Amino acid sequence: MKVLILTPQALYRRWPTTPDTTKMMTNAAPVTMAQLAGALKGHEVRILDGNVYDIPLKEYAEHIRWADVAGMNVMCSYAALNTELNLKFIKKLRPDLPVVMGGHHPTFQDAEWIERGADAVVRREGEVTFPELVDALAAGRDLSGVAGVTWRGTNGEVNRNPDRPFVQDLDTLPLPRWDLVDFSGYYLYLRRAGKSACVETGRGCEQSCAFCQVGPMWHNTHRFKSTERVLAEMRLLKENGVTQVFIVDDNYGSKLDTTRQAALYEGMRRENFGFEWGGFFRHDYIRANHELMLAAAASGLKFVCIGFESVQGADLKEFNKGNAAFDGGGSYEEEYRFLKEAGITVFGFMVIGYPGQSQAAAMQTIENAHSFCDYPVVTVYKPLPGTAGYRKTKQDGLLAKEMFYHDSFTVAVKGTKPILAAYNKFFVRYVGNPVRLVRNLLDPRLRRVELAIIRWFALGIFNANPDNVSDFLWFLFKGRKLGEEEVIEHLRKKYLSEENVARLARRAGA
């Protein structure tokens, strides 16, 4: 069969900037799509990454007409409306084309995606489930025998098959099909230009942070590839001209595998890969492993993403963060100085607007962020389905809306609009601060990142079109006075309407 693996095209855009700030520092070729392609033995596969390649609608339609089955990824509620619009667009062009959803969002809201038109959902891991699903379709069988799948029956009913056990030995997974990937659009803003790609060294997380879907996604397990397997994947990347790597593990800096990491850094130096790389680390891991972090820097580590979340101990307890090294924020500053001296850039991830958090406490975290990170990446709390935080927020009656969709115009927790407004003002001041801008442009460690941020904002502004500018003006003068569900419903009616889908189909040549 001809299998199209895709992330959605940007048929719906936010303006003046997109909500996905992570693309500023982690725009690397996705190993998940390449690895899934490697698992599809005996089938013809194409990879189409709409996160990076914004192709004309007619070209998009040609890929859709080529395929016998399409697999589409959606990670979060921010992307749900655009993904659903892609689903409707595909079905408008090809009502007969089976569309299979995968990723965190469909795993926890599988029935909702079937009700919205998807033919099947692959829950959690896909490298075994998706090939079995494609083989069943090729043989003309229904999906009742494929574990880990939720699917639409002949009468429209939702069928949820039993879960599939996790792959225990990740070394048995196929090598990624990097030959199917066009690397030209991917780049990590480090200190030099070059192709970039993701590497997965492990899967899952043993932590139970209340706001995070990763723990529930993987049942709080953490599995690892062997050092030799990771080095083999890195050799493939070097053969493809990759010079920058993002280790995409949800919790790469884990207390569970320091011996394996030491062997990996030694192997990277021995093989002389010359990669510049980054990944997600925990603050308490860094504090306990200075020598290992210096070894990582010697192997090419140039940036870390650290989930600080808050400088308030009460918040961390509420988050169930489990940061044993937290001492009121002083250790944050100490570790930042250590990393800075090692030549490592720090992206500090923070969550504000948690139920019960005061505006003063929220602003204290982000206004002090400059003392413990180079770039604050702030999220206004979204209770994600499947998490302990979602269950508690809903039980306490504090959920401002359901979480299938989310948008930067809305909040998810009742009473947090003032926090969002205060953060937006801070963000404008922070980005527009000329002293900060000049200082970072003069710092070799930060210059390329700063230029990336400028580029990201410029692209967002130049992506203006009548639809997204009218959305902005509508919200400015009317939408902000409405409830959260009313805002989402306005966007749904505008973008998911039959009229809008038909308009897109006509532009695609249908």
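Small (Gly, Ala, Ser) and modelled with pLDDT under 95: does that describe ALA120?
Answer is no for this residue.
Given the conditions (1) part of a loop (DSSP other than H, G, I, E, B); (2) touching a residue at least 60 places away in the same chain (Cβ under 8 Å); (3) not assigned by TED's automatic domain parsing to the domain that holds GLN35, report the number of the one that SER196 does not fulfil.
(1)
Within the stretch 445-497, track down each residue that is among the polar types (S, T, N, Q), part of a helix (DSSP H, G or I) and either modelled with pLDDT under 90 or buried (at least 17 other Cβ atoms within 10 Å of the Cβ) (or both).
ASN468
From the set of residues in the stretch 42-57 that are under 19 Å from VAL99 (Cα atoms) and surrounded by fewer than 19 Cβ atoms within 10 Å (Cβ to Cβ), which is nearest to the chain's Cα centre (by Cα)?
If we take residues in the stretch 42-57 being under 19 Å from VAL99 (Cα atoms) and surrounded by fewer than 19 Cβ atoms within 10 Å (Cβ to Cβ), then ARG46 is nearest to the chain's Cα centre (by Cα).
Among the candidates GLY253, GLY307, which residue alone is in the same structural domain as TYR354 (by TED's automatic domain parsing), at pLDDT 90 or above and under 29 Å from TYR187 (Cβ atoms)?
So the residue among GLY253, GLY307 that is in the same structural domain as TYR354 (by TED's automatic domain parsing), at pLDDT 90 or above and under 29 Å from TYR187 (Cβ atoms) is GLY307.
Report yes if ALA262 is at pLDDT 90 or above, farther than 22 Å from ARG235 by Cβ and among the small types (Gly, Ala, Ser), otherwise no.
Spelling it out, it is not the case that ALA262 is at pLDDT 90 or above, farther than 22 Å from ARG235 by Cβ and among the small types (Gly, Ala, Ser).
Output the number of residues of the stretch 375-389 satisfying the condition of being farther than 14 Å from LEU420 by Cβ, surrounded by fewer than 22 Cβ atoms within 10 Å (Cβ to Cβ) and touching a strand residue (DSSP E or B) at 6+ places or on another chain (Cβ under 8 Å).
Residues in the stretch 375-389 being farther than 14 Å from LEU420 by Cβ, surrounded by fewer than 22 Cβ atoms within 10 Å (Cβ to Cβ) and touching a strand residue (DSSP E or B) at 6+ places or on another chain (Cβ under 8 Å): 2 in total.
Out of the residues in the stretch 232-242 that are modelled with pLDDT of 95 or more and crowded, with 20+ Cβ neighbours inside 10 Å, state the one that is farthest from GLU318 (Cα to Cα).
Taking the candidates together, the pick is LEU237.
Are any residues in the stretch 392-412 touching a residue at least 40 places away in the same chain (Cβ under 8 Å) and among the hydroxyl-bearing types (Ser, Thr, Tyr), and if so, which ones?
TYR405, SER408, THR410
Which of the strands (runs of 3 or more DSSP E) contained wholly in the stretch 98-193 include at least 3 residues that are within 24 Å of the chain's Cα centre (by Cα) and surrounded by 16 or more Cβ atoms within 10 Å (Cβ to Cβ)?
Once the strands (runs of 3 or more DSSP E) in the stretch 98-193 are filtered for at least 3 residues that are within 24 Å of the chain's Cα centre (by Cα) and surrounded by 16 or more Cβ atoms within 10 Å (Cβ to Cβ), what remains is 99-102, 120-122.
In the set LYS321, LYS317, which member is surrounded by fewer than 15 Cβ atoms within 10 Å (Cβ to Cβ), within 25 Å of VAL214 (Cα to Cα) and in the same structural domain as GLU271 (by TED's automatic domain parsing)?
LYS317
For the stretch 355-370, state whether one or more residues are buried (at least 22 other Cβ atoms within 10 Å of the Cβ), assigned by TED's automatic domain parsing to the domain that holds GLY300 and more than 30 Å from ILE454 (Cα to Cα).
yes
Can you report the number of residues in the stretch 370-410 which are of a type in the set (A, V, I, L, M, F, W, C) and over 19 Å from the mean Cα position of the chain (by Cα)?
7
Just to verify a result, which residue in the stretch 363-374, among those that are touching a strand residue (DSSP E or B) at 6+ places or on another chain (Cβ under 7 Å) and outside any loop (DSSP other than H, G, I, E, B), is nearest to TYR12 (Cα to Cα)?
Applying the filter and picking the extreme gives ILE366.
Please go through the stretch 405-444 and give me each residue that is of a type in the set (Phe, Trp, Tyr), closer than 21 Å to SER77 by Cβ and either surrounded by fewer than 17 Cβ atoms within 10 Å (Cβ to Cβ) or in contact with a strand residue (DSSP E or B) (Cβ under 8 Å, 6 or more places away or on another chain) (or both), ordered by number.
TYR423, PHE427
Do we find a residue being surrounded by fewer than 21 Cβ atoms within 10 Å (Cβ to Cβ), in contact (Cβ under 8 Å) with a residue 12 or more places away in the chain and outside any loop (DSSP other than H, G, I, E, B) anywhere in the stretch 335-346?
Yes, some residue in the stretch 335-346 is surrounded by fewer than 21 Cβ atoms within 10 Å (Cβ to Cβ), in contact (Cβ under 8 Å) with a residue 12 or more places away in the chain and outside any loop (DSSP other than H, G, I, E, B).
The values are calculated or read from the model by the stated rules, or taken from the named source; none is laboratory data. Predicted model only: the values in this text are computed from it and were never measured. When we count neighbours, we look across all protein chains shown, and the Cβ atoms used for this are built from the backbone with ideal geometry, even at glycine.
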